[in-house]
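Presented below is the structure to which this report refers.
Just so it is clear, none of the values below were taken in a lab; they were calculated from the coordinates. Predicted, not measured: the structure shown is a model, and the values here were computed from it. Heads up, the Cβs are rebuilt from the backbone with ideal geometry, glycines too, and the neighbour counts pull from every protein chain shown.
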Amino acid sequence: MFFFKKGLVIIIGSVFLATGINVFLAPNKILDGGFIGVSLIFNYLFKLKIGLTILVLSVPIFWIAWFKNRTYFYNSLHGLMISSFLIDLFKPLRFLIDMNAMFSSFIGGVLVGLGTGLMLRFEISTSGTDLLALFLSKKIGINVGIIIFAIDSVVITMGGLLISGHTFMLSIITITAVGITTSLITGNRLHT
């Protein structure tokens, strides 16, 4: 039953994540943070696959997780693989909804935050930066959503410089929604 529950959490969280990215963020060139945001930047600039890029960028953090905490490694490996696969699989959904970019940035952020927060609540990560934030949260006692927000801020600033000021402004809305949603879902459970 335990493995079924974790598997269900990974699938549901990955669907939220893939929907938020493909239906709301990517069509408007909006960024999330972390490796997802870096992968979106590579997609917008070089047309690289978002899910595959997340997978490649996450390898060094997962290498560290292998030595630091095998439970996180195994839990997160499944989260990474499934969410990356679904992100690329859901690419055809990009033009499903035509919505104002500001609303898209908020709704996309909430969906990404739901997916991320749900998985982190069960100590499952979707990318290297989530896993890094989870380790830091346990080590320094700061909510994982706040750590993710700090990392995300750096990524969207970089994206704003490389893509556009409009992308940067919309991405601020997104990472705020992601951070708040993730924090609400994870609560104080992860840093105790």
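Work out how much length SER164 to ILE64 would gain on full extension: take 0.36 nm times their residue separation and subtract the Cα-Cα distance, in nm to one decimal.
Contour length minus Cα-Cα distance gives 32.6 nm.
Tell me, in nm to one decimal, what length is gained between PHE85 and LEU8 on full extension, where the rule is 0.36 nm per residue of separation less the Cα-Cα distance?
Residue separation times 0.36 nm, minus the Cα-Cα distance, leaves 26.2 nm.
Residues of the range 36-71 with amide nitrogen under 17 Å from the 7 Å Cα-to-Cβ point of THR157?
Inside the label zone: 37-38.
Please report LEU131, LEU170 as a ranked list, fewest other C-beta atoms within 10 angstrom at the top and most at the bottom.
Taking fewest neighbouring Cβ atoms as first place, the list is LEU170, LEU131.
Quick one: helix 2-19 against the long Cα principal axis of the chain, what's the angle to the nearest 10°, folded into 0 to 90?
10
Given a cut-off of under 8 Å on Cα pairs at least six residues apart, what relative contact order in percent is computed for the chain?
33
How many angstrom lie between the Cα centre of the range 11-32 and the Cα centre of the range 147-176?
Result: 15 Å between the Cα centres.
Using Cα atoms only, what is the angle between the long axis of helix 101-121 and the major principal axis of the chain, expressed in degrees (0 to 90) to the nearest 10?
Computed tilt is about 10 degrees.
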